[in-house]
Amino acid sequence: MKLKLIALGVSTAAMMALPTTAFADEPASAELDFTGERACECVVDLGQNAVLFGDLGRRGQAERQSIRADVFCNQPSEVTFESENGYMLIQATNPANEPTDASEVDKTSGANPGFSAGLDYSAFIPSEGLSADTGNPALLAGTPVSVGTIPAQNRNNVRVVFDTIAESQPLLGGTYEDTLTVTLTPQGV
């Protein structure tokens, strides 16, 4: 490495005014500190804002869907998922048709015994070795679930696969929706 000092508009006398003193046969030295900062930056780009399962089977079976995600975070980060409903909830005009179980385990419709009004789903990253099940009773509505801390990331086109988890009861006819928020929280270096 070559270090070049360039002085513009500074006299030779000023450059020689470094705080060193040398006597006969003694070396002269001075220290020069270098500093710089790089801001913490975390970005998750999912490339799209919807996973469309399309026509669901009688118990919620669907064809797996996948998306490509770009992840950049220049610090180790905690990864959390937060579900709006805890599962895909039927969009009912009458709230009596929604599940009555607050624990989100039994999604039986309140007004339609024997039918489910909710559908679990899962998400996983097969090629990266990080798995996170997002469709189980531990994923409660509005409660962030941590899947742990990952090292700093600079990955493009990470494949994320989504699948439904069939219910034990048939689904009510209608549209099922949920919003899943993925958050990277820098943990410092």
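The values are calculated or read from the model by the stated rules, or taken from the named source; none is laboratory data. As the structure is a computational prediction, the values presented were derived from the model and not from experiment. Cβ coordinates were reconstructed from backbone atoms using ideal geometry, including for glycine residues, and neighbour counts include every protein chain displayed.
Numbers for the structure displayed
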read-out	value
Selection within region 87-99 - without any contact (Cβ under 8 Å) to a residue 60 or more places away in the chain, assigned to a loop (DSSP other than H, G, I, E, B) and under 27 Å from Val182 (Cα atoms)	Glu98
Near pairs, Cβ below 8 angstrom, 6+ apart or cross-chain, from region 116-133 (acidic (Asp, Glu) and crowded, with 21+ Cβ neighbours inside 10 Å) to any residue that is modelled with pLDDT of 80 or more and assigned to a strand (DSSP E or B)	Asp120/Met88; Asp120/Thr164; Asp120/Ile165
Any chance Thr164 is within 16 Å of Phe53 (Cβ to Cβ) and part of a strand (DSSP E or B)	yes
Verdict on Leu18 being out of contact with any Asp or Glu (no Cβ under 7 Å at 6 or more places or on another chain), over 25 Å from Val160 (Cβ atoms) and modelled with pLDDT under 90	yes
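Table: residues versus (1) buried (at least 16 other Cβ atoms within 10 Å of the Cβ); (2) in contact with a strand residue (DSSP E or B) (Cβ under 7 Å, 6 or more places away or on another chain); (3) assigned to a loop (DSSP other than H, G, I, E, B); (4) aliphatic (A, V, I, L, M).
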residue: Ala24; (1), (2), (3), (4): no, no, yes, yes
residue: Ala28; (1), (2), (3), (4): no, no, yes, yes
residue: Arg38; (1), (2), (3), (4): no, no, yes, no
residue: Phe53; (1), (2), (3), (4): yes, yes, yes, no
residue: Arg68; (1), (2), (3), (4): no, yes, no, no
residue: Phe72; (1), (2), (3), (4): no, yes, no, no
residue: Glu82; (1), (2), (3), (4): yes, yes, no, no
